[in-house]
Amino acid sequence: MSPRVTFPNKFLPYLLVAPQLAITLVFFYWPASQAIYQSTLREDPFGLDSAFVGLDNFRRVLSDPNYLNSIQVTVIFSVATAVLAMAVAMFLAVMADKVIRGKGFYRTLMIWPYAVAPAIAGMLWLFMFNPSMGTFAYMLRSAGIYWDPLLNGPQAMLLVIVAAAWKQISYNFLFFVAGLQAIPKTLVEAAAIDGAGETKRFWTIIFPLLAPTTFFLLVINTTYAFFDTFGIIHAVTGGGPGKATETLVYKVYNDGFVNLILGESAAQSVILMVIVIALTAVQFRYVEKKVHYG
Amino acid sequence: MATVELKGVRKVYGGSVEAVKGVDISIADKAMCVLVGPSGCGKSTLLRMIAGLESITHGTIDIDGRVVNEVGPAERDIAMVFQNYALYPHMKVYDNMAYGLRNRGMKKDEIDARVKRAAETLELSALLDRRPRELSGGQRQRVAMGRAIVRNPKVFLFDEPLSNLDAKLRGQMRVEIKNLQRSLEVTSVYVTHDQLEAMTLADQLVVMNGGLVEQVGKPLDIYEKPASTFVASFIGAPPMNLLGGNGGKTGAPLTVADLSDLGVSVPPGTTTLGIRPEDIEQGDYAGEGLKTQLTVEAVEPVGAESFLHGKAGTHRLVVRVPGRSIAEPGAVLPIFAPRAKLHFFDANGKRVEG
């Protein structure tokens, strides 16, 4: 152990972390504790009174078939979005790494979609694939595909997944490009001399060495798919058709702010919080073990 | 096991920058050829072209009688040791060495036998389960060597393999590389900027400068008869004293005044006179040669020898004396060098016999 630098001032360290702590307290711990408190209450229909009901809200939520459907939707949506966003971004980054002329220009263009707000991204895709006026919807129909995400659940799901992944690709791309640049060129050359073809080099050298980046992005993308895609779903499908794209976070919003079932909505957000914490813990506990940090 | 022939090899980057300007080298079977030169002389580029990591703009490279210009690095049957070792950080030492064999679809027991044998040769047997980051610099260097020898290639390529090691380890590894290359009898090309490494390792020494070969030959032949002022100043430490006309600047013809300072006659056309520091002796000399007075300005004792820096007339000189020097700065010593030990160069820096 190298000797640690110590400062005699006992007060200064707390002062330095205070702003960060304050933000976390006000924007996370306070609302989270409010949600937990709210999840044990039930409001009367006019919102004039509330009664303590213990864990009854959780019991109702977990036995609601709509909620179980929402869990299934979320799993499909999140896994598909994260996998698609990461796979496409990695592919593009590996390809961009081979570009020699106009590298900077190419990369800049690749990063632009990240600057688009989720709701706008959703609207873009909605317009492009709108069955009555969308350009791509028209092309799909001329290709003989019956395209109607407004009525067809799986198609609606596909549309939100692609829209959500599209927006995240830029972000992932940026990290993968940086990750690729950190891999010494001589390693790839050594592998080439060692008789590994391009595909083999990717899977045996580049992919394992990108693992720290991939792992980081897995955590980020899962969280993104769980929470930040609300805007896209809201703009594109509104959770429909028939709850086919109603993810957990969308259902929290729908039950709480549209249907005003505050207690159950709060119970749902508490469950959601537990799920995400558990997921992140699992990722760090098990997946990270397989990650090799240079 | 193989010869390497380079014929008119040139490398042009982006249509204008010429890194290698026409190189012809012929490397004999089982020989250790060392390419030496200052940074930017094109030696690494040349090595990478032999490896197949850089394309060849003009000329041909021939390994074991086969032109390999269009052959990929994997099919050239070469192994390369990189300056930064280029070990796969996520693989154990064993897998680092086995990787190239697995890619070639070799059987498991054969791979195992070869890796174990190489590990034994390089004293790596105890480290096979470690990862590169758990090894010292010298051990990493050995693993990089191991990765090259398990493949049993036709040619070894070394790209400044010792420059990341400390001085003591470098000397030790230098001897090991030499012994290994001797015992395996594999034709090798070794790139370095260190003239000591170049001198000690080479069977065939190639001195490069500015993308061109300055001189090819046995190390001691080059040392004794440098073909140009560049080679004379690059090979040998401290470098050869180069005395020119016009108050010590090389390039201008040596005048009567310069030569009367030095007490020597030179062949016609000579503009630069070269003397190795160890060829200068103290005292009076009756024979033909350089005879002058050295005014000592500084003394550098190195232990086994000392170097006197000083001036003879207008010329700066370094003189090596064995053991300790009794001379103090300010002393004036009579010095001489026999004519046979002098080197003469013309206005283009080329050697003139005489």
* Asked: Which ³J(HN,Hα) values in Hz, rounded to whole numbers, follow from the phi angles of segment A:18-29 under the Karplus curve 6.51 cos²θ - 1.76 cosθ + 1.60, where θ = phi - 60° and Gly and Pro get x?
  -> 4, x, 4, 4, 4, 4, 4, 4, 5, 9, 10, 5
* Structure fact -> Among trypsin sites (Lys or Arg not before Pro) in segment B:305-354, those in a DSSP loop whose Cβ has at most 16 other Cβ atoms within 10 Å are B:R324
* Provide the three semi-axes, in whole Å and in decreasing order, of the ellipsoid equivalent to segment B:128-188 as defined by the square roots of 5 times the Cα gyration tensor eigenvalues. => 19, 15, 9
* **Per-bin percent of Cα-Cα distances, segment A:58-138 [10 Å]** => 14, 24, 33, 19, 7, 2, 0
* Cα gyration tensor of segment A:1-111, axes a ≥ b ≥ c as square roots of the eigenvalues: rounded (a/c below 1.5), prolate (a/b > b/c) or oblate? -> oblate
* Structure fact -> The local net charge around B:S306, scoring Lys/Arg +1 and Asp/Glu -1 for residues other than B:S306 whose Cβ lies under 15 Å from its Cβ, equals -4
* Exposure rule at most 12 other beta-carbon atoms within 10 Å, DSSP loop chymotrypsin sites (Phe, Trp or Tyr not before Pro): chain A longest free segment -> A:147-292
* Structure fact -> quick shape note, segment B:1-153: Cα extents on principal axes in Å, largest first -> 48, 31, 27
* Viscosity 1.306 mPa s, temperature 10 °C: Stokes-Einstein D of chain A from its Kirkwood Cα radius, in µm² per second? -> 71 µm²/s
* **the protein assembly as shown, dipole about Cα centre (Lys/Arg Cβ +1, Asp/Glu Cβ -1), debye to the nearest 20** => 600 debye
* Asked: When Rg is the radius of gyration of the Cα atoms in segment A:162-262 and Rh is its Kirkwood radius, what does Rg/Rh come to?
  -> 1.22
* Asked: What range in chain A is the longest one free of trypsin sites (Lys or Arg not before Pro) that are in a loop by DSSP and have at most 12 other Cβ atoms within 10 angstrom?
  -> A:102-294
* Partner chain Cβ atoms within 10 Å, averaged over the residues of B:86-92 - can you pull that number for me? => 6
* Charge tally in the Cβ shell below 9 Å around B:T229, where Lys, Arg are +1 and Asp, Glu are -1, B:T229 excluded -> +2
* Structure fact -> The answer for B:T272, listing residues at least 5 apart or on another chain whose modeled amide H is closer than 5 Å to its amide H, is B:F345
* Max mean-square fluctuation residue, GNM over chain B, Cα-Cα springs under 10 Å, options B:A148, B:A340, B:A74 -> B:A340
* Helix B:93-103 axis, angle to chain B major axis (alpha carbon atoms, nearest 10°) -> 70 degrees
* **Structure-based [θ]222 nm, the protein assembly as shown - -39500 (n - 2.57) summed over DSSP H runs of at least 4, per residue, nearest 500** => -13500 deg cm²/dmol
* Asked: Counting only protein heavy atoms, what percent of the accessible surface of chain A is carbon or sulfur at a 1.4 Å probe?
  -> 72 percent
* Asked: Quick one: accessible area per residue over the protein assembly as shown, 1.4 Å probe, rounded to a whole number of Å²?
  -> 50 Å²
* Calculated SAXS-style log₁₀ I(q)/I(0) at q = 0.08, 0.09, 0.15 Å⁻¹ - chain B, Debye, Cα scatterers -> -0.50, -0.61, -1.18
* **segment B:33-94 - Kirkwood radius from inverse mean 1/r over Cα pairs (Å)** => 13.5 Å
* What whole-number value in cubic angstrom gives the convex hull volume per residue for the C-alpha atoms of the protein assembly as shown? -> 268 Å³
* Normalised convex hull volume, segment B:239-352, alpha-carbon set, Å³ per residue -> 93 Å³
* To do: Give the residue from B:Y223, B:M49, B:S16 lying farthest towards the positive end of the charge dipole for chain B; charges sit on Cβ (+1 for Lys and Arg, -1 for Asp and Glu) and the dipole is referred to the Cα centre.
  => B:M49
* Which whole number of Å³ per residue matches the convex hull of the alpha-carbon atoms in segment B:144-223? -> 107 Å³
* Asked: Can you give the net charge of the other residues whose Cβ lies under 12 Å from the Cβ of B:F345, counting K and R as +1 and D and E as -1?
  -> +1
* Asked: Given H placed on each backbone N at 1.01 Å, which residues far from B:L212 in sequence or on other chains put an amide H within less than 5 Å of it?
  -> B:K21
* Asked: Sequence-distant or interchain residues sharing an amide H contact under 5 Å with B:E305, placed H: which?
  -> B:G323
* Relative contact order of segment B:10-52: what whole-number percent is it, with Cα pairs under 8 angstrom and at least 6 residues apart? -> 32 percent
* Structure fact -> Working note, segment B:69-193: Cα radius of gyration (Å, one decimal) and Dmax (Å, whole number) are 13.8, 41
* Excluding residues fewer than 8 places away in the same chain, name every one of the lysines whose C-alpha is closer than 17 Å to that of B:K154. => B:K30, B:K178
* Asked: One-quarter of the Cα convex hull surface for segment A:35-177, in nm²?
  -> 13.2 nm²
* Structure fact -> Computed over chain A, the relative contact order (Cα-Cα under 8 Å, seq sep at least six) in percent reads 27 percent
* **Derived scalar couplings ³J(HN,Hα) [segment A:242-257; Karplus, 6.51 cos²θ - 1.76 cosθ + 1.60; whole Hz; x for Gly, Pro]** => x, 6, 5, 10, 7, 7, 4, 5, 5, 5, 4, 4, 5, 5, x, 9
* **Under the Karplus curve 6.51 cos²θ - 1.76 cosθ + 1.60, θ = phi - 60°, whole-Hz ³J(HN,Hα) for segment B:49-60, x wherever Gly or Pro sits** => 6, 5, 6, x, 8, 10, 6, 9, 6, 9, x, 10
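The values are calculated or read from the model by the stated rules, or taken from the named source; none is laboratory data. Being a predicted model, the structure only gives us computed values, none of them experimental. Cβ: placed from backbone, ideal geometry, glycine included. Neighbour counts: every protein chain shown. Please note that ligands, DNA and RNA were not included when accessible areas were found on the heavy atoms of the full protein model with its side chains. Shrake-Rupley method; radii C 1.70, N 1.55, O 1.52, S 1.80 Å.
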